[in-house]
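The values are calculated or read from the model by the stated rules, or taken from the named source; none is laboratory data. As the structure is a prediction and not an experimental result, all values here were calculated from the model. Every residue, glycine as well, gets a Cβ built from its backbone with ideal geometry; the counts of neighbours run over all protein chains shown.
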Amino acid sequence: MRINIDIDEELVAAAQKASGQPTKKATVEEALRLMIKLRRQRAAFDAAFGKYRWRGNLNRSRRGRGIA
């Protein structure tokens, strides 16, 4: 689908450099996919937050990571 929009060139250039994408189109498509993924993750988190009780031993869990 062809869409004409006015986007800040510096912003696109910075996003393209950060993403390593070879084209502006690929950069925008990756950004859109990432936004959708993050929104879906947030929605899943919001739907589940506070609904499940964590059962475990925090000190024992931390011991394996060298934190406690």
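The helices (runs of 4 or more DSSP H) found entirely in the chain that carry 1 or more residues being modelled with pLDDT of 95 or more are 9-19, 24-48. Residues in the stretch 37-68 that are surrounded by 10 or more Cβ atoms within 10 Å (Cβ to Cβ) and within 30 Å of Ile5 (Cβ to Cβ): Lys37, Leu38, Arg39, Arg40, Gln41, Arg42, Ala43, Ala44. Figure legend. Inter-residue proximity from the stretch 1-22: first residues within 16 Å of Leu34 (Cα to Cα), second residues exposed (fewer than 12 other Cβ atoms within 10 Å of the Cβ), beta-carbon distance below 8 Å, spacing 6+ or different chains. Indicated pairs: Gln16/Thr23.
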